[in-house]
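Throughout, read-outs are computed from the coordinates displayed, never taken from laboratory work. It should be emphasised that the depicted structure is a prediction, and the values quoted were computed from it without experimental measurement. Cβ placement follows ideal geometry from the backbone for every residue including glycine, while neighbour counts extend to all protein chains displayed.
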Amino acid sequence: MQQWISLLSQNNVGNVLENEPLAKYTTWKIGGPADALVIPENKEQMVNLIQLLHKHQIPWMQLGRGSNMLVSDKGIRGVVVKPGEGFDYAEFHEGGVTAGAAHSFVKLSVVAAKKEWTGLEFGSGIPGTVGGAVYMNAGAHGSDVSRIFQSAEIVLETGELVRYSKEDMEFAYRHSVLHDRRGIVLEAAFALQQGERKVISESMAAYKDRRRRTQPLQMACAGSVFRNPPGDHAARLIEAAGLKGMTQGGAQVSTMHANFIVNTGQATAEDVITLMQQIQSTISSQNGINLVPEVFVVGER
Ligand SMILES: Cc1cc2nc3c(=O)[nH]c(=O)nc-3n(C[C@H](O)[C@H](O)[C@H](O)COP(=O)(O)OP(=O)(O)OC[C@H]3O[C@@H](n4cnc5c(N)ncnc54)[C@H](O)[C@@H]3O)c2cc1C
Ligand SMILES: NC(=O)C1=CN([C@@H]2O[C@H](COP(=O)(O)OP(=O)(O)OC[C@H]3O[C@@H](n4cnc5c(N)ncnc54)[C@H](OP(=O)(O)O)[C@@H]3O)[C@@H](O)[C@H]2O)C=CC1
Ligand SMILES: C=C(O[C@H]1[C@H](O)[C@@H](CO)O[C@H](OP(=O)(O)OP(=O)(O)OC[C@H]2O[C@@H](n3ccc(=O)[nH]c3=O)[C@H](O)[C@@H]2O)[C@@H]1NC(C)=O)C(=O)O
């Protein structure tokens, strides 16, 4: 056992799972083990953990629901930090809602709609956590997190607890400052308006219907694999290149949506990575466009 794993277990940092396979924590259902998966349940445990990791220079990364994440077959060397059930809460109040990092973004939008709050409708098909949605500035149907974000409580990699405003977050298309400055979101506050139940539920039903028609929701996947290049759509380019349906081992370019790669059952991370590289080289040579992954490929290769 790595010496630092016993160090973590001896401290108040939450549950420490050693050599934990990560496939079950990702929507692609792919991924080897983490040396340690640590699940803090409250702010104190999270701050203790990050301070220990910083002090002992132990490599770490954070995980939400793993719906935008490709974990390598050999897995993660070091610690994976996943906010636990203690971070799964949502408190509605005047002007909006404050939600814990582990709360489902889909459920947040569904409950907001039931309470006749408008602003979160776009989130009803984004199957990650609040923490992941803030990190990614997740968005759909012409809106994104930055449109409703008020502030977030964050533990920086030094262990310092800070509250970031919207300006601090430097949101852009699928981007936040946390891509450049490491930290873990503990909770986020979103500004919402009172709306009409009928209008809210009609737009959510339309979004749901559109997704069901255009995205392979029943297959294990991680949503869009590549970011859209300026002025175009990765899916349009991939379909036009004739790559829809292309397979590599158990991975397939979805026959429904060309920017989704689905796990047909036994895909490995290497299968997905090979397919991604084939797509990138084809689009680069045919269109001169460098497709940039939206999904994060993490772990030892
Ligand atoms: C069927 C399907 C449809 C999708 N549709 C959309 C869509 O329409 N729009 C869209 O934007 N995305 C979409 N996605 C992608 C994905 O759901 C989003 O990117 C989501 O926000 C990721 O959240 P997560 O909790 O799963 O994060 P993860 O995949 O676990 O992590 C993603 C990134 O966020 C970081 N992170 C996670 N939690 C935290 C935290 N608490 N603090 C700081 N950083 C953290 C991780 O380190 C990682 O870098 C879709 C995915 C699927 C499977
Ligand atoms: N392809 C993949 O790898 C994955 C795809 N997904 C897809 O992402 C979506 C969200 O999944 P998940 O986060 O697990 O949440 P769920 O689908 O479990 O939904 C959580 C709750 O919200 C309700 N709900 C969801 N969407 C709406 C909506 N638009 N309007 C009203 N109620 C809604 C659900 O009710 P009800 O059951 O009645 O819809 C359920 O009670 C689903 O479409 C799911 O199929 C999720 C994970 C992985
Ligand atoms: C799923 C994600 O987000 C999605 C988000 O759900 C939807 C809806 O708002 O808009 C983006 O997809 P997208 O650009 O592929 O949107 P779509 O409306 O499905 O397709 C765009 C265009 O591509 C074309 N298209 C789509 C699929 C396909 O197989 N072939 C094709 O040619 C469509 O005809 C359409 O003209 C987001 N993706 C990115 C990378 O920005 C994600 O980020 O994971």
* To do: Inspect segment 170-178 for any residue being touching a strand residue (DSSP E or B) at 6+ places or on another chain (Cβ under 7 Å) and either acidic (Asp, Glu) or over 25 Å from residue 297 (Cα atoms) (or both) and give the result as yes or no.
  => no
* Structure fact -> Condition set more than 22 Å from the chain's Cα centre (by Cα) and assigned to a loop (DSSP other than H, G, I, E, B), scope segment 2-35, selection nearest to residue 71 (Cα to Cα): answer is 2
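Residue under question is residue 82, and the condition is that it be closer than 30 Å to residue 251 by Cα, surrounded by fewer than 22 Cβ atoms within 10 Å (Cβ to Cβ) and within 13 Å of ligand 1 (Cβ to nearest atom); does it hold?
no
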* To do: Output the residue which, of all residues in segment 211-237 that are under 23 Å from residue 65 (Cα atoms) and basic (Lys, Arg), is farthest from ligand 3 (Cβ to nearest atom).
  => 212
* Structure fact -> If we keep only residues of segment 39-82 that are within 23 Å of residue 274 (Cα to Cα) and assigned to a loop (DSSP other than H, G, I, E, B), then the residue farthest from ligand 2 (Cβ to nearest atom) is 74
* **Boolean, residue 252 is without any contact (Cβ under 8 Å) to a residue 24 or more places away in the chain and crowded, with 17+ Cβ neighbours inside 10 Å** => yes
* Asked: Between residues in segment 1-20 that are in contact (Cβ under 8 Å) with a residue 24 or more places away in the chain and residues that are loosely packed, with under 14 Cβ neighbours inside 10 Å, which pairs lie under 9 Å by C-beta distance while being six or more apart or on different chains?
  -> 4/56; 7/56; 12/44
* **Residue check for residue 269: surrounded by 21 or more Cβ atoms within 10 Å (Cβ to Cβ) and within 11 Å of ligand 3 (Cβ to nearest atom)** => no
